[in-house]
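All remarks here apply to the structure that follows.
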Amino acid sequence: MTTELRVGVAGLGTVGASLLHLLETRSSALAARCGRSVRVSAVSARDRTRDRGADLSAMAWFDDPVALAGSPDIDVFVELIGGDNGPAEDSVRAALATGKSVVTANKALLAKHGVELARLAEENKVSLSYEAAVAGGIPVIKTMRESLAGNEIDRVYGILNGTCNYILTRMEQDGLDFSDCLADAQRLGYAEADPTFDIEGNDTAHKLAILTSLAFGSQINSEKIYLEGISSITRADIEAASELGYRIKLLGVAQRTDSGIEQRVHPTMVPKASAIARIDGVLNAVAIDGDAVGEVVLVGPGAGGSATASAVLGDIVDVARGLSVPTLGMPAHELAPYKAARMRMHEGGYYIRLAVYDRSGAFAEIARIMADEGISLESIVQRDRTRTHTEAETHGDAPQPVILTTYETTEAAVKRALGTITARNVVAGTPQMIRIEKLR
């Protein structure tokens, strides 16, 4: 195979510009590794005048990415626009329909249309590659789709959003409040001006939905993911977790159960000795439990122009070499319908923080409500019991922080108990609940 591979790139933001730089500086090495030269022959972006740090003069310019996708002058289409519809979706469909392989970093598009796009790629005998869509520069897609193809995977979980991991790390290491850490992440460019998509778990959910399909051979279903972000995490939770032997991480977890597939994104207390607890800052990590290989943990940069462009380029190299595998690990028509798991016992128990009114009978009532729901308490810790007699007289029954940890129970039981406790007016504010995971 000696014919030049002509690449069309739509979207010249941070990742697109980094990709152009990599292709230019690695051209000789890529030609040797692929057995053919790889060249960007055309591009599309919203602003022609912006400096991307690369010479675009020899590249055809398309104002419309859909026109670029359908152009006969490219062999592979790289979509770096973003979004789950509009130009991104239209251009990817156009490229696949005209017999061009597609490389994308767009997790939102795949989470919403992945199965349908996989069918379109298979019908036209081209590849749809997306290594950069999940965990940035970490080769998790190739690992799951190819290297672990001989394993039955029971669980995949990980830290899939660097913004959240950075915030939680700073809260713990520097004793800062959530709002201060978020502002710092925005200043450094780790968080967007509107950080909702990251901090409320949506970004992690999109990535988890893709990993779930690869792990269990099911159709993608991002609508069935339990979603909870990190905006409610306080310094008190971080400190309590440390005292109990845990660190708090935002995890995406998917696992196979007897009744179906469980998908969830939420803050989690993980043992300090576990591999996932040691991942700090903007790094990502993905752990995969396979029956033959055991647990595999992949760690690396989950975002950033160079790291993400590296993953995009890896997919382009596969196209240049003529390598192609089913988009989601098996032909799209063989993917099983997604079946959500029934509620079950959570093996690690729960951490619960309450602001309990300091009056007679409050603790007993809380314990009784928990017992009525079949919840066994592992520990009860009343924090900040340092008020003097004078302060107690001044503040009366002012709420005091109380930390509970439970043995294995169901989330439904815990939520019913907390609802009853709140209704009985023995606590102030909203109770905090964080799952405790048993991890290696």
Which of the following values of Cα Rg over 2.2 N^0.38 Å was calculated from the structure shown: (1) 0.96; (2) 1.33; (3) 1.11?
(3)
Total formal charge among the other residues, if their Cβ is under 12 angstrom from that of Ala185, Lys/Arg +1 and Asp/Glu -1:
-2
For n ≥ 4 DSSP H runs only, could you compute -39500 (n - 2.57) per run for the chain, divide by its residues and tell me the 222 nm figure to the nearest 500?
-10500 deg cm²/dmol
If you take the square roots of the eigenvalues of the alpha-carbon gyration tensor of the range 1-131 and sort them as a ≥ b ≥ c, do you get rounded (a/c under 1.5), prolate (a/b over b/c) or oblate?
oblate
Need the C-alpha centroid separation for the range 12-71 versus the range 215-277, integer Å.
38
GNM on the chain, C-alpha springs below 10 Å: top fluctuator among Ala362, Ala254, Ala45?
Ala362
To make sure I understand the rule: partners must be lysines, Cα under 17 Å from the Cα of Lys142, and not fewer than 8 residues away in the same chain. Which ones qualify?
Lys107, Lys207
Quick query: amide H of Glu295 versus all other amide H atoms, modeled in the peptide plane; which residues come in under 5 Å with a sequence gap of 5 or more or a different chain?
Gly290
Among Ser44, Ser101, Ser259, which comes first, second and so on when ranked by fewest other beta-carbon atoms within 10 Å?
Ser259, Ser101, Ser44
Please state the shape class of the range 141-301: rounded when a/c is under 1.5, otherwise prolate if a/b exceeds b/c and oblate if not, all from the C-alpha gyration tensor.
prolate
With the cut-off at 1.5 for a/c, could you classify the range 32-73 from its C-alpha gyration tensor as rounded, prolate or oblate?
oblate
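Here, each number is a calculation from the coordinates, and none is a lab measurement. Computed from a predicted model, the values in this text were never measured in an experiment. Quick reminder, even Gly has a Cβ in these numbers, built from the backbone with ideal geometry, and neighbours come from all protein chains shown.
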